[in-house]
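Worksheet: one structure, shown below.
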Amino acid sequence: MNVRIGNGYDIHKLVSGRPLILGGVKIEHELGLLGHSDADALTHAIMDAMLGALSLGDIGHYFPPTDPQWKGADSIELLTQVNQLILDQGWHISNLDSVVVAERPKIKPHINAMRDRLSKALQLSPQQVGVKATTNEKMGPVGREEGIAAYAVTLLVKDPQS
Ligand code: MG
């Protein structure tokens, strides 16, 4: 088989005193996401989808939250490392698609900036990077604005020469 599919999911808690960063884009909001790194749930879900496609485990394995090296890490930097891992194995991304689930703030105005940032980090065109947003219709922890979740899928294609 020369194609592989992967999926990823992540959720981080919303707290005061933290920046809100999604898809590598800082969004003005009174709350931000809590985590060891910059807690960019969208970028984390995308990394897990990429790793999952090649059965390479998850980001916790490569960037453990117990390792002080990754404290406050820029998730876009981690994304470029995961992409390099995929490229080194002779694979590349055909496309990825993702969904951010957030009650507030409005994500839609930031989607194109996220697609630009993510596609540049992944050496893709923005047309290969789907980012969508929805609310949780006020239900559950995301609906109560306790956190923001993200889902991603990606299709990897084997390089012709490898
Ligand atoms: Mg995470």
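Restrict the check to segment 26-46 and report whether at least one residue is over 11 Å from the mean Cα position of the chain (by Cα), in a helix (DSSP H, G or I), near the ligand (Cβ under 10 Å from one of its atoms) and farther than 24 Å from R115 by Cβ.
no
For residues in segment 47-83 being of a type in the set (D, E, K, R) and more than 10 Å from the ligand (Cβ to nearest atom), which is farthest from V129 (Cα to Cα)?
D67
Take the residues in segment 52-77 that are touching a His at 6+ places or on another chain (Cβ under 8 Å) and part of a helix (DSSP H, G or I); name whichever of them is surrounded by the most Cβ atoms within 10 Å (Cβ to Cβ).
Only one residue tops the list, namely S75.
If E28 satisfies all but one of (1) surrounded by 15 or more Cβ atoms within 10 Å (Cβ to Cβ); (2) touching a residue at least 40 places away in the same chain (Cβ under 8 Å); (3) among the charged types (D, E, K, R), what's the number of the condition it fails?
(1)
Which residues, taken from segment 105-162, are acidic (D, E) and either farther than 24 Å from G6 by Cβ or surrounded by 13 or more Cβ atoms within 10 Å (Cβ to Cβ) (or both)?
Scanning segment 105-162 gives D116, E137, E145, E146.
Coordinate-derived values only; no laboratory data. Bear in mind that the values here come from a model prediction, so they are computed numbers and not experimental data. For neighbour counting, all protein chains shown are included, and Cβ atoms are generated from backbone atoms with ideal geometry for every residue, glycine included.
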